[in-house]
Each structure stands twice: as structure tokens, then as C-alpha cells.
Amino acid sequence: MTAAFELRGLTAAVPGEKGAVRLVEEVSLFVDAGETLAVVGESGSGKTVTFTSALGLLPRPGRVIAGQAMLEGIDLLSLAPEQLRRMRGARIGMVFQDPLTGLNPVFRVGDQIAEVLRAHLPIGRREARERAVALLARVQIPDPGRRVDDYPHQFSGGMRQRVLIAMAIALGPRVLIADEPTTALDVTVQAQVLDLLGELREADRMAMVLITHDLGVVARQADRVAVMYAGRVVETGTVDEVFRAPRHPYTISLFRSIPDLEAPAGTMLAAIAGSPPDPSRRPQGCGFAPRCFAVADAAGCRTERPVLRGQGHAAACHRQGALETTA
Ligand SMILES: Nc1ncnc2c1ncn2[C@@H]1O[C@H](COP(=O)(O)OP(=O)(O)OP(=O)(O)O)[C@@H](O)[C@H]1O
Ligand SMILES: [Mg+2]
């Protein structure tokens, strides 16, 4: 079975003083239809760059230097810019952290949704408006027939995020990429917006990528998880596998605060001593070696980049076997 969306060896870089600086390196991950993949990792680990690169949205002079981003069997990175733009609108939906930047304050929300529809579909104004009302209803905005004519400032933060979700799902995408979609919202509103995303995903069997810092959200919403560190995926597996038996010392450190899968919402990743390396100064071997409790020179931790090993549940760590037997 082919995944709904799959990255293969994605590497993206920006020019630096001493040559290309790789922001993300050899990132491989996938998400199936109807499933949620959570992407976690400290600030600066490359979560956002991974997906903006994959969708051709990394600002210049950044560029993808290797890899593929497969959507329904097509490599997005092989498409001409105009083809990719159309795919992005129609087949992939995106929701970002800040619900204000996505909406234009001077246009009515209904017109903004209608514009998305009319950019891709041969429909007139009246039909676009009807569909915008239906979309507002789908994202559970009360009284959508009236709210369709409101301006963004007349909506609360949570409602604006719902409007952006309506725009993201307007054309029935197969993949929805949500980058910390609730970080800017109040805690109670966060849960409602996440529940909405979960319901929409299930109803349409969309594949969902959920970038988050909240382990409670991972435990409750995700099927699988990809842990990123220093521009790489260092561990991936089902949520159950990774929570119960983390294999990478980075994951073990991050999840230390979590006794089990009952992590309540709002349980953030644990802080780890030290800070992640700047992309232009990553160590030669494992990027985590300087902060790792299990680092061993004899295993090659400081000289060789570890690659992901394992079927399904996989980790990129030279000490994997040794850790399991001593744990
Ligand atoms: N356009 C760019 N040009 C140069 N460096 C960039 C660019 N975008 C991101 N970076 C750098 O790439 C690294 C990864 O950034 P990214 O935004 O993907 O992190 P993140 O995991 O999404 O973090 P956060 O959790 O804070 O959102 C960081 O070191 C960041 O400073
Ligand atoms: Mg980010």
C-alpha cells in the first residue's frame, strides 16, 4: 500500500559562508489515509522547514537539494511551480500557528473562502457563497449564514482558526498539514480545535500531519509519531511503541516527564540540558552526542551520523542495541 503522503530523503539547505547549510537532512516519513502522524521535537529541530520544503514553500535562497515528496504517487518536487501551486490548494491543506496572518483583515471571511473555491473550481459567486456557508457549518461555526459576511476581527482566535481550517479543507485535500495549529489559542479552545481536526480527518479519511510540542496531544490524537532532532528524524513508530519503549536517548530524555500514555493535554516536552546545535555548526557524528547520556566514542557517536534502523519502530542511534539490553 502506498502512503497518502511520503517524504523520502528530503534535504533542504540555505547558502552559508562555508557552503550550503543543511536545515533538514534525509528526512523520511509517511502518513496513511485516515491516520495522524505527530511530528515532535525541540524548537529549531526542523519541523516547519521539513514541510515548507516539501511543499515548495521554503523561502529563497533556501532550496531542496535532495529527496522526494510523494503525494498520491506524484513527486511534488518534480512539478513546475504552477502545477505545484494547484496541487497545494486542492490536494494538500495547510493550517498554521497564527490564525491572524492567514486571513486578510479587509475582506469578509465568506469572500475569502469563496476565493479559494473559485481559484480552483468552475463555479459562480452564488454557488461559492453557498459552499462557504456549508464549510463554516462544517467547522462548527454557529449561525454560518450570518457569520459568512463578517470580517476576521469579528471572530475570536479560535473561530478564526476554524475559518482557516475551512479554507484548508475547502477543496477536499487528501493530506492536512497542521503546524502547531492551537499554540496561539486558550487551553479550552485548543482542545475544541484539535477535536474538530480529528473529526474532519475521520469523516474524510484525510491523512493528517500534526506538528506539536504537546505530548498529551500526541497521546490522544496521533497514531504514529516522528521525533526530530537537529534536522533529522531520530525516531519513528506508533505512538504506543515510542511512548512505551523509546529507543533514542533524545526521545527518552524528552519523554522522561511522562509516566505512560495517560499524558493529559498540556504535557509539554521535557527540557533537556544544553541546547540543540545551530544548523551551520552540527557535530560531525550524531547531532545529539554532546547532550546524550549514552554517548560512547567506541560506538562512533562522535564520528559517524547514525541512520534510522528498524522495521516500523526505528531509531537513529549507534547505541540502540546496548541501551535495550541495559534498560
Ligand atoms: N528560511 C530560513 N533560512 C535560514 N535558516 C532557517 C530558515 N528557516 C528556518 N531556519 C533555521 O532552520 C532550523 C529549523 O527551523 P524550523 O523552523 O523548521 O524549526 P521548528 O522545529 O519548526 O521549530 P519551532 O518548534 O520553534 O517551530 C532553525 O535553526 C532555523 O533557525
Ligand atoms: Mg516550527
Net charge over other residues, Cβ less than 13 angstrom from the Cβ of Gly34 (K, R count +1; D, E count -1): -2
Cα convex hull of the chain, projected area averaged across orientations, nm²: 17.5
Over the chain: helical MRE at 222 nm, DSSP H runs n ≥ 4 each giving -39500 (n - 2.57), nearest 500: -9500 deg cm²/dmol
Full-extension gain in nm, Thr188 to Arg126, via 0.36 nm per residue minus C-alpha separation: 18.8 nm
At R0 = 22 Å, FRET efficiency that the Cβ-Cβ distance of Asp143 and Ala203 yields, to 0.05: 0.50
Where labels lie 7 Å past Cα in the beta-carbon direction, separation of Thr101 and Glu115 in nm: 1.7
Label-point gap, in nm, between Asp240 and Met268 - each point 7 angstrom along Cα→Cβ: 3.1
Ser275-Glu82 FRET efficiency (beta carbon distance; Förster radius 51 Å; 0.05 resolution): 0.80
Debye intensity ratio in log₁₀ form over the Cα atoms of the stretch 12-62, taken at each q of 0.13 Å⁻¹: -0.37
On Cα atoms only, tilt of 157-169 relative to the major axis of the chain in degrees: 90
Dimensions in Å of the stretch 108-164 - Rg and Dmax from alpha carbons: 10.6, 32
Spin-label pair Glu17/Asp195, simplified geometry with 7 Å Cα→Cβ offset, distance in nm: 5.3
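FYI, it's all coordinate maths here, none of it is from the lab. This is a predicted model, so every value here is computed, not measured. Cβ: placed from backbone, ideal geometry, glycine included. Neighbour counts: every protein chain shown.
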